[in-house]
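As structure tokens, the structure follows; a few thoughts come after it.
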Amino acid sequence: MTKRRREVEAKVEVVSGREAGKDGPYVMYYASGFDPVKHAKEYKMSAYRKGKTNQMELIGETETVNYVGQNYAGECMGQQTSKYVVGVYDEEAGTLKLLPMGGGKVFRMTPRVVGLSYEAPEYVPVPEGETREDMISRANSLAKSFGRENLQRKREERKVGRIEEKHMTAKNLVQSDLIEAAKTEVGSDEIYNRASDVRNIPPHDKTATTAEDAYPLDLVITRPEQAALKELAGRLGRNSVDTLKESGKIHSLVLHYLEIAKEQGKPGKRTLTCLAYLNALLSLYKGPVLLREKDLKELNLPEGLTKHALTKFAEERAAAAAQPNDISDTAPVQKAEDRERPMSYQRTSSKKDLLMCYILLLCLMVSDFAVETAHLLQEFKVSQKQMTLYFSELGCVVNKARPSEEDEDAPKTMRARLVLKGGKTLNELLPERRPRPKAGGKK
């Protein structure tokens, strides 16, 4: 048997949420299961507003536990798009009062024990001079002292199997060693040591104790290459930066360093040779990945430098000849002009990394082995992390540059430096080799 519904005519009134200095109503829910109706006698409620904002805090007090709700913290921090309406029907007066509410008036009441502090802990800064490796070492020490046994075991397993970026060696440069191992009886340990020792960076002296000796000019730019760059280096020294810019043949990065060098005085032969080589390598870097004969002419490299540059930074690749439609005895014989088709050159990923290391090294050599990375990031469109990896392969340290005294409000930038002090050698600054994993696995 169902109840009969009777129609009631009521006058609808919309009441403002804030009227005559009052605020409300508020909708509260208690996730802990607390029933405020059962404790109405001892339960005291208070509402607080933060200044003239809409940030509210409700506090319900009992003798042992307080319940606190905020509309600006926790799950209420997200955008509140839902709208609510509370209706109160007065049967005697025949009115239905509607009180509109926004999502900011819904509170989750969280229990807090009286006498305990729930404020955020004081921020403890990292000790000055502590590196990331020190923080990791301290965390590992804490885990080893207080962590569970299975947690310690998992951390050790991850540490053994982790391949860190600083331990990664050059890629695609051990093919000749593997071919030799297949032909001869070279052991696996020897092959691993050779592969781990290969570095995809410009020629260097590991025993050097100064930056200039670590990367000698005659090793980075060979004598034949210096001879090919002589005319361009002379032009950079004679002409002004504006004149070179109008010619359109000099890259903006080269003009940037040339302008700095000329402001400090007349640039020397070493600086001009490095800038000329830098201009040629930038043309090669910005050129197509697959270089054909027509592409080489468009690069506009100095005469006599093309062959040396392609040998270093590209791999020779034979052009594919025309293939017959079918494989049979009656297939047409390959023409002589197809067999004599010119070669092409491809810049592989390893060659690209080598080319980038050369470019960054030249930037260091013309800047007393200290450069800011801001303009380099803009020039090559790479991330700061990738740029840091390139510089670390050269043995450089990348950290935040100190703002100048004239402009202390300038945004902080990163600076890469090659510093050899206290008798340190370049070999000590280069990334460490990853140790050979032990034989056998987890039992």
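Evaluate the distance, in nm, between pseudo-label points positioned 7 Å from the Cα of Glu13 and of Arg49 along their respective Cα→Cβ axes.
Roughly 2.2 nm, to one decimal.
Sort 241-250, 348-357 for me by packing, meaning the mean count of neighbouring Cβ atoms within 10 Å per residue, highest on top.
On the way: 241-250: 13.2, 348-357: 17.3.
Packing order, densest peptide first, comes out as 348-357, 241-250.
With 29 Å as the limit, write out which pairs from Lys44/Lys97; Lys230/Lys294; Lys269/Lys297; Lys11/Lys38 have Cα-Cα distances beyond it, or answer none.
On the way: Lys44/Lys97 26 Å; Lys230/Lys294 25 Å; Lys269/Lys297 27 Å; Lys11/Lys38 34 Å.
Over 29 Å Cα-Cα: Lys11/Lys38.
When you take every Cα atom in region 225-277, what is the radius of gyration, and what is Dmax, the widest Cα pair distance, in Å?
10.1, 27
Would you mind checking which residues have amide H under 5 Å from Thr62's amide H? H placed 1.01 Å from N; only 5 or more apart, or other chain.
When sequence neighbours closer than 5 places are left aside, the close amide H contacts are Tyr67.
What FRET efficiency, computed as 1/(1 + (r/R0)^6) with R0 = 25 Å and r the Cβ-Cβ distance, is obtained for Arg292 and Ala227, rounded to the nearest 0.05?
Working: r = 27 Å, r/R0 = 1.06.
So, using R0 = 25 Å, E works out to roughly 0.40.
Modelled label-to-label distance, Glu259 and Lys41, 7 Å Cα→beta-carbon offset: nm?
Using points 7 Å along Cα→Cβ, the separation is 8.4 nm.
Let me check I've understood the local charge: for Val241, count other residues with C-beta under 15 angstrom from its C-beta, Lys and Arg +1, Asp and Glu -1. What total comes out? Don't skip to the answer; put the middle values down first.
Values: positive: Arg235, Arg238, Lys245, Lys249, Lys262, Lys266; negative: Asp242, Glu246, Glu259, Glu263.
Net local charge, Val241 excluded: +2.
Beta carbons within 10 angstrom, averaged per residue: use that to sort the peptides 43-56, 224-237, 205-218, highest first. Don't skip to the answer; put the middle values down first.
Details: 43-56: 11.4, 224-237: 18.0, 205-218: 15.4.
Highest to lowest by the protection proxy: 224-237, 205-218, 43-56.
Once both labels are modelled 7 Å past Cα along the beta-carbon direction, what's the Leu116-Asp368 spacing in nm?
For the pair Leu116/Asp368, the computed spacing is 5.9 nm.
If the chain between Glu63 and Lys381 were fully stretched, how many nm would it gain, using 0.36 nm times the residue separation less the Cα-Cα distance? If you can, show how the numbers build up before the last one.
Details: separation 318, 0.36 × 318 = 114.48 nm, distance 6.25 nm.
Additional length available on full extension: 108.2 nm.
Give Lys351/Lys381; Lys286/Lys307; Lys266/Lys312 a once-over and call out the pairs whose C-alpha atoms are over 21 Å from each other. Could you put the intermediate results ahead of the total?
Details: Lys351/Lys381 18 Å; Lys286/Lys307 18 Å; Lys266/Lys312 31 Å.
Table pairs above 21 Å Cα-Cα are Lys266/Lys312.
Computed from the coordinates by the stated procedures, all read-outs in this text should not be read as laboratory data. The model shown is predicted, which means the values in this text are computed figures rather than measured ones. Positions of Cβ are backbone-derived with ideal geometry, glycine not excepted, and every protein chain shown enters the neighbour counts.
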